[in-house]
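To keep things clear, I will list the structure first and then write my remarks on it.
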Amino acid sequence: MPNVTIARESPLQDEVVRLIEELDRYLGNLYPAESNHLLDLQSLAKPDIRFLVARRSGTVVGCGAMRIDTDGGYGEVKRMFVQPTARGGQIGRRLLERIEDEARAAGLSLLRLETGVYQDEAIALYRKQGFADRGPFGPYGPDPLSLFMEKPL
């Protein structure tokens, strides 16, 4: 999509804040609070986070982030979301590819993620992009509503 741009931006912009609030409502309707492993807006603005915004014709339509785990030596995909009205245009794939580029630029050779079991579209995207199932990692414990994945870069 030539009118879609993806760039590192602040998560603290009003339009992005509204998108994150939409994501939080979406996830809150799918999972109980104890199964939602969300980074808040202030955490998304920290130096160990690469926060990306997808815009279509200048309007925010998606986001994704990578948290760098310096102790573990991997990047963790966080806050991937494309507004339902913007889906089907490869924006999620492009966000994920850009996150992979950010990980490589940071010298990382592995990406990991946690997603919910009811997010079939996200799971399909991750698998199509080469992520494979694995067990819990880092701060996560077993959760029947969570799926853990990783991809070597």
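The values are calculated or read from the model by the stated rules, or taken from the named source; none is laboratory data. No experiment lies behind these values; they were computed from the predicted model shown. Here the Cβ positions follow ideal geometry from the backbone for every residue, glycine too, while neighbour counts run over all protein chains shown. Please note that ligands, DNA and RNA were not included when accessible areas were found on the heavy atoms of the full protein model with its side chains. Shrake-Rupley method; radii C 1.70, N 1.55, O 1.52, S 1.80 Å.
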Measure of exposure for Tyr74: accessible area at 1.4 Å probe, Å² rounded to 10, is 10
Of the accessible area of the chain, computed with a 1.4 Å probe and all protein chains kept, carbon and sulfur make up a percent value of 50
FRET efficiency (Phe137, Ser57; Cβ distance; R0 41 Å; to 0.05) is 0.60
Given a 1.4 Å probe, the accessible area of the chain per residue, as a whole number of Å², is 49
Among Ser57, Ser35, Ser109, the residue with the largest mean-square fluctuation in a Gaussian network model of the chain built from Cα contacts under 10 Å is Ser57
Extension length gain for Ser43 and Asn3 (0.36 nm per residue less Cα distance), in nm, is 11.5 nm
Output ordering of 12-25, 82-95, 132-145 (per-residue mean of other Cβ within 10 Å, highest first) is 82-95, 12-25, 132-145
Under 5 Å from the placed amide H of Tyr74, counting only residues 5+ away or on other chains, we find Asp69
Cα pairs beyond 18 Å in the chain, in percent, come to 56
With the label point 7 Å along the Cα-to-beta-carbon line of Tyr118 and a cut-off under 14 Å to each amide N, the hits in the range 17-48 are 24-37
